[in-house]
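Where a number appears in this text, it was derived from the coordinates with a stated rule and is not lab data. All of these numbers come straight from a predicted model, not from anything done at the bench. Counting neighbours? That spans all protein chains shown, and the Cβs are built from the backbone with ideal geometry, glycine included.
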Amino acid sequence: MTVDDRYSIDELRFYVVELELHSIMWFSTVVQPHINNFVQTPLPLVHNYPLVLALQGQIVEESYVSRCNEYKRVGPPATMFREAEVYAYPMQFERVFYKKFLLSMSESDYLVYKARTRLAVPLMATYNAFAPGTRGRAVVVVPSDRKLPEELYLRLGSKRYGVWKAVDAREARVEVVDRLVTVSSPFNVADVLPETMRSSLVVLKHYAGDIAVSGVFTKALDIRTGRDRILKPIPFFISI
């Protein structure tokens, strides 16, 4: 452990994990109003704190998870990572299949009034949930004395959870890039060492940390496997 209680790169293992969805998954959505209903479509990414809890073996049946965020409010910077023994960057989807559902809210007595026709109709929502075959990729960090299990399943979602199976988990080589770089993969803005970030493009506002899909940094992590090279910002628990 370093003097300021952060971890060095040598004290960690990094994995690039490919996951495939094996059931219907409901998660946080973008809601768009239409003439007769609302259309809800999930963003093709998963916030990293639900991923952290799912990697601990928990069933995470909600989109907005605060437990991991609470770890960071107490103690030194590495508290959350030391308690959880795992960290994940947000999962980015590489292949997406949607399953459409038409949901009625008529039993709750909510009505939409259409002024032109003077009709009151039940509030309806078209929900585009993720369907089996959807694939995603996440970068996972664990202590150097720990490895990811050979059989890895994640259970997370809202209303009902989806089952994700890791179809590939490759350990990566990691170096610190000490120059101005552009990161073009998802990260939690609240988790980044603030002195390294110049700018970010946020796509998901979240009380446990906004998720951005790109940003400019003065330092970053160069994460490489045999097939991939991924640039990621340096999280709060790593010493530079």
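Could you sort the peptides 174-181, 47-54 by per-residue average Cβ neighbour count (10 Å cutoff), highest mean leading?
Order by mean packing, descending: 47-54, 174-181.
Taking the Cα-to-Cβ direction at Q92 and at V203 and moving 7 Å from each Cα, how far apart do the two end points lie in nm?
0.8 nm
Please compute the modelled spin-label separation between T196 and T126, points set 7 Å along Cα→Cβ, answer in nm with one decimal.
Roughly 4.2 nm, to one decimal.
Starting with the fewest neighbours, write out H206, H22 ranked by other beta-carbon atoms found within 10 Å of each beta-carbon.
Ascending Cβ contact count within 10 Å gives the list H22, H206.
Can you tally the net charge around F93? Count Lys and Arg as +1, Asp and Glu as -1, for every other residue whose Cβ sits under 14 Å from the Cβ of F93.
Result for the neighbourhood of F93: 0.
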